[in-house]
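Heads up, the thing below is written out as structure tokens.
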Amino acid sequence: MNRSKLLLMCHGLAFMVLLGQPRTQEMVVSRHDGSQVKGALLRLAGSGREASLVMEVAGREVKTSLAQVLAIHGRGPSPVGSAMVSLVGGDHLRGELQGGDAAGETFTVVTRSLGPVSVALDRLAWVRFGGGTDALVVPEGVSEDEALFRHARRGLDTILGAIDRFTARGVMFEWGESEDPGLFAYSSLAGLALRGGDGPPESATAQLVTRSGDRVAVEFAGLNDAGFDFVLEGGRRIDVARSNISAITFFGPDRRFLSELDPVRVEEKSSHLLGDDGALFPYRRDRTVTGGFLVAGGYGYGKGLGVHARSVLTYRVPQGFGRFWVRAVMDDEVLKLPVRAEAAITIKLDNEVVFGPSPLRSGKPSRLIGPLPVRPGGLLTLEADFGVGWFVGDRVDWLLPVFLK
């Protein structure tokens with residue numbers, strides 16, 4: 001298989017799928033100091049570094065400098081589509097596979113929120129069909145770099161070979177002793193995976209999570225009457241309706257999210273009964289511990305850490321950063337369980353308690369902790385311990401945990 005330069009684009013200059021009335025939809029804006037403002041997004045005032053986000057809040061206009069916006073939150077995602085497509089570097093697309101070019105260099109994913117998206121095979125990491133968010137990988141110790149996976153009585157059967165091309169019905173795949181590729185229908189597969197591949201060419205300035213379950217790196221290009229204007233990889237511009245936005249997270253040199261860092265120490269224990277090494281739900285970056293999207297109070301979050309009591313995550317403060325804040329909450333997915341979840345949260349700096357222990361209960365609003373002063377090179381510890389009652393459902397989200405300059 002020839003691996004080419006990345007190509008990620010939406011066909012057409014603009015593609016919108018309206019799920020509601022974008023002009024009146026309330027959204028939440030998380031600001032640099034940890035505060036939040038809720039209202040209807042109206043417009044951008046000014047340009048460049050002087051641009052401000054204008055919202056209507058309780059009948060009056062409120063301006064927030066765009067440089068002070070960490071994230072914008074719409075309603076939580078409701079993933080749509082039979083295929084979850086994961087790209088090298090962490091982007092995900094959710095939709096239907098619709099074949100590719102004859103040379104096998106690209107394939108198309110039709111998403112509810114972004115429309116048809118063409119993806120270079122070089123960017124592909126894995127695909128899952130029919131549900132599931134865990135990564136699929138090519139087994140170690142084999143010469144092949146590509147694999148198909150089919151459901152078996154126990155686990156998955158693995159077929160090693162090479163992808164020839166994608167079609168409307170399935171994937172043409174070379175395997176075994178056959179000289180000609182055979183067609184494997186998408187409906188017959190649990191997924192596929194590639195080893196290696198190309199990451200994005202440069203760091204994006206923002207990340208978009210859509211209501212239909214896409215997570216893609218973007219350049220934020222503005223706000224218009226129809227919705228948000230973004231530039232995708234490859235330079236393609238798209239408009240996305242406000243009603244299709246679940247979260248927009250803005251990156252910059254003045255902020256560093258914990259989900260982009262590796263913890264220096266991890267301690268996990270998922271029940272009183274399993275012992276110290278019995279973590280049923282290891283922590284996840286930018287997901288809940290069950291693999292779902294981070295949702296609190298009905299609103300989506302693109303960055304955060306999903307943990308299950310008991311969890312202790314310790315991070316080293318990066319050089320050049322002096323403040324930290326986070327919002328702690330029980331993820332909304334707990335509300336679907338027939339239990340009342342409760343955990344005890346604590347934050348330590350260099351092993352000294354600076355917050356908590358404090359109870360965190362399901363159905364309650366997120367709680368802002370900080371901004372807290374931190375020192376570069378110091379240790380920050382986030383603890384989610386067992387609360388009152390059983391451990392079932394103690395799924396804590398550390399939302400937008402961020403070091404700031």
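Coordinate-derived values only; no laboratory data. Not measured: the values here are computed from a predicted model. Positions of Cβ are generated from backbone atoms using ideal geometry, with glycine treated the same way; all protein chains shown enter the neighbour counts.
Eigenvalues of the Cα gyration tensor times 5, then square-rooted: what semi-axes does that give for the stretch 54-195, in whole angstrom, largest first?
Each semi-axis is √(5λ); the values are 37, 16, 14 Å.
If you add up the charges near Ala217, with Lys and Arg at +1 and Asp and Glu at -1, over every other residue whose beta carbon is less than 9 angstrom from its beta carbon, what do you get?
-2
Have a look at Gly291, Gly99, Gly155 and tell me which one the Gaussian network model of the chain (Cα, springs below 10 Å) gives the largest fluctuation.
Residue with maximal mean-square fluctuation among Gly291, Gly99, Gly155: Gly155.
What per residue convex hull volume, in Å³, do the alpha-carbon atoms of the stretch 26-73 yield?
Dividing the Cα hull volume of the stretch 26-73 by its residue count gives 63 Å³.
Where does each of 334-342, 304-312 land if you order them by average Cβ count within 10 Å, highest first?
Top of the packing list down: 304-312, 334-342.
Write down the radius of gyration of the stretch 212-318 and its Dmax, each obtained from C-alpha positions, in Å.
So, for the stretch 212-318, Rg and Dmax equal 17.5, 55 Å respectively.
So if I take the alpha carbon set of the stretch 295-356, get Rg, then get Rh from the Kirkwood formula, what is the Rg over Rh ratio?
Computed over Cα atoms, the ratio is 1.00.
Taking 22 Å as R0, compute the FRET efficiency from the Cβ-Cβ separation of Trp175 and Ala152 and round it to 0.05.
0.85
Could you calculate the contour length gain from Val353 to Val264, that is, 0.36 nm times the residue separation minus the distance between their Cα atoms, to one decimal place in nm?
Result: 30.2 nm gained on full extension.
Mind giving me the FRET efficiency for Leu160 and Asp254? R0 is 51 Å, r the Cβ-Cβ distance, nearest 0.05 is fine. Could you put the intermediate results ahead of the total?
Numbers: r = 46 Å, r/R0 = 0.90.
The pair Leu160/Asp254 has a calculated efficiency of 0.65.
Calculate the spin-label point distance for Lys364 paired with Asp101, positioning each point 7 Å from the Cα along the beta-carbon direction, and give it in nanometres.
Those two pseudo-labels are separated by 5.5 nm.
Which distance in Å, rounded to a whole number, links the C-alpha centroids of the stretch 318-344 and the stretch 246-270?
If you average the Cα positions of each part, the centres end up 13 Å apart.
State, in angstrom, two size descriptors of the chain derived from its alpha carbons: Rg to one decimal place and Dmax to the nearest whole number.
Considering the chain through its Cα atoms, Rg and Dmax are 22.0, 70 Å.
I'd like the Karplus ³J(HN,Hα) series for the stretch 105-110: coefficients 6.51, -1.76, 1.60, θ = phi - 60°, whole numbers in Hz, and an x wherever there's a Gly or Pro.
8, 9, 9, 10, 10, 9
For the stretch 255-404, what does the convex hull of the Cα positions come to per residue, in cubic angstrom? Before the final figure, lay out the partial values.
Working: hull volume 14.5 nm³, N = 150.
That works out to 96 Å³ per residue.
Which is farthest toward the positive dipole end of the chain among Gly176, Gln25, Val62, measuring Cα position about the Cα centre, with Cβ charges +1 (Lys, Arg) and -1 (Asp, Glu)?
Val62
Name the residue, out of Val289, Val37, Val216, whose mean-square fluctuation peaks in a Gaussian network model built on the chain with Cα pairs under 10 Å.
Looking only at Val289, Val37, Val216, the largest GNM fluctuation is found for Val37.
At a 10 angstrom cut-off on C-beta neighbours, averaged per residue, how do the peptides 84-93, 172-181 rank from highest to lowest?
Sorting 84-93, 172-181 by mean packing, highest first, produces 84-93, 172-181.
To the nearest 20 Debye, how big is the dipole of the stretch 255-404 about its Cα centre, given +1 on the beta carbon of each Lys and Arg and -1 on that of each Asp and Glu?
Here the stretch 255-404 has a charge dipole of around 480 debye.
Quick check on packing: order 247-260, 47-60 by the mean number of other C-beta atoms within 10 Å, highest mean leading.
My ranking of the peptides, most packed first, is 247-260, 47-60.
Computed FRET efficiency, Cβ-Cβ of Ala168 and Lys405, R0 41 Å: what is it to the nearest 0.05?
E between Ala168 and Lys405, to the nearest 0.05, is 0.25.
State the extension gain, in nm to one decimal, for the chain segment bounded by Val339 and Glu56, taking 0.36 nm per residue of separation less the distance between their alpha-carbons.
Here the segment from Val339 to Glu56 would lengthen by 98.1 nm.
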